[in-house]
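Note sheet for the following structure.
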Amino acid sequence: MNGSLHHVGEVAPPSSSGVEVIIVGCGFGGLACAIECRRKGHHVIVLERMPTFRVLGDVISFGPNAGRIFARWGLHDKLWPICRHADKLVIHNYMGEVVREQPIQFPLYGAYEYSGHRAEIHEAVYEYALSLGIDIRFGHNVESYQEDPSRGKASVTVNGKTIEADIVVAADGVKSRARQYVLGYNDQPKSSGYSVYRAWFDAKEQGVGSDPNTDFLTKDGDAYQCWIGRDVHFICSSLQGGNTVSWVITHRDDFEVTDSWSFPGNMEDVLNIVDDWDPRCAAVLSKAPSCIDWKLITHDPLPTWVSSQGRVVLLGDAAHPFLPTSRHPRRLKTVLRLL
Ligand SMILES: Cc1cc2nc3c(=O)[nH]c(=O)nc-3n(C[C@H](O)[C@H](O)[C@H](O)COP(=O)(O)OP(=O)(O)OC[C@H]3O[C@@H](n4cnc5c(N)ncnc54)[C@H](O)[C@@H]3O)c2cc1C
């Protein structure tokens, strides 16, 4: 078949299990799956629709469960220096009263949590995947999925060409095209009713250390603080030894789901949210030279992640979109009880 793994000239490595895997999407989900498949001796191709590897996003956090996997791949020494090292999360109500100081222990359960720039962490994982010899093909926008149960094969179509393997893993994100194939109906992503203004900037350039309302972020290395009000939470932190600042502010927003990841945010709207809040909030928010307005998209829980013929499987946001607001449900529940 045109484009079959064997027909495009790849030689399976000596440790090959003989299993051929196509992975759609070069996000964290697709790359992690590719790396683990390769480590088990499977033959892997990753197909990504973006034209090249692009470093995108701002802050992202991986808890110790994911951190354990990064460590297994030997990435700790690379990731830890570029991540946040705060030893506690200070939680305030919107007036600025401290409601809880939550110690942060690292390592926790035998592994580290990594909070840093999505692009830097993504690049480290991408480079590790390349070092394993994984074949990553950019500019490959997968148009359709097929299965041939009689031959035990699955395939995808890209630019009119078919590429075949034993299994196809679709890690194509929250707006997954594969989801319709696997479910047999169109499960449209929808608005969660929330959106996040977010920013990432250099602390020194923006004068964070010289403003008495913001110097708490930089004077003792990395800091991590949060303010909670009705339907809003504002989290700010410094990373990389207090040199970089990142903030996110979640707020209600009924928007249409469109296809952009990064709408520019309007700083006036951002500051309106914290109008009558602890003045430190407006001070930190206004230090950002710009921000984006990141719409939080969700969809209904899926009845299955695996196609009826068993050879196309959904992974990551394609299967279960992850809302940053639900990241620490237990921690937030405790806080809400305290408010
Ligand atoms: C551009 C971008 C920026 C982000 N920034 C942040 C951030 O700053 N902080 C944060 O917490 N989270 C961010 N996220 C979300 C976070 O990375 C994901 O929620 C999480 O890592 C789950 O990853 P995933 O691999 O399942 O999906 P994703 O990270 O969404 O990756 C899906 C990949 O599949 C590719 N793809 C989609 N359709 C096709 C197709 N038909 N053919 C081939 N390839 C396809 C996409 O281009 C994308 O690279 C961002 C996601 C993206 C895509």
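Key figures
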| read-out | value |
| --- | --- |
| Simple spin-label estimate for ARG151 and GLN105 in nanometres, 7 Å along Cα-Cβ | 5.4 |
| Between segment 192-232 and segment 88-113, the alpha-carbon center distance in angstrom | 15 |
| Calculated FRET efficiency for the pair LEU323/MET267, C-beta based, R₀ 35 Å, to 0.05 | 0.90 |
| Residues with amide H under 5 Å from that of ALA223, placed H, sequence gap 5 or more | SER238 |
| Helix-derived mean residue ellipticity, 222 nm - over the chain, DSSP H n ≥ 4, -39500 (n - 2.57), to 500 | -6000 deg cm²/dmol |
| Rg(Cα) / (2.2 N^0.38 Å) computed for segment 100-228, rounded to two decimals | 1.61 |
| GluC sites (Glu not before Pro) restricted to DSSP loop in segment 80-135 with at most 15 other C-beta within 10 Å | GLU97 |
| Per-pair calculated FRET efficiency, R0 = 35 Å: ARG137 and ASP77 via Cβ, rounded to 0.05 | 0.75 |
| Linear extension gain, LYS88 paired with ARG54, 0.36 nm per residue minus alpha-carbon span | 9.0 nm |
| Sites matching chymotrypsin sites (Phe, Trp or Tyr not before Pro) across segment 106-144 that sit in DSSP coil, with at most 16 neighbouring C-beta atoms within 10 Å | TYR109, PHE138 |
| Shape metrics for the chain, restricted to C-alpha atoms - Rg then Dmax, Å | 21.9, 70 |
| Range of Cα positions in segment 206-325 per principal axis (Å), largest first | 62, 31, 24 |
| Kirkwood-Stokes translational diffusion coefficient of segment 44-93, alpha-carbon pairs, 20 °C, 1.002 mPa s, µm²/s | 151 |
| Environment charge at MET95 (Cβ cut-off 14 Å; Lys +1, Arg +1, Asp -1, Glu -1) | -2 |
| Cα-derived Rg over Rh, computed across segment 122-179 with Rh taken as Kirkwood radius | 1.01 |
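No value in this document is a laboratory result; all are computed from the given coordinates. None of the values given here were measured: they were computed from a predicted structure. Cβ coordinates were reconstructed from backbone atoms using ideal geometry, including for glycine residues, and neighbour counts include every protein chain displayed.
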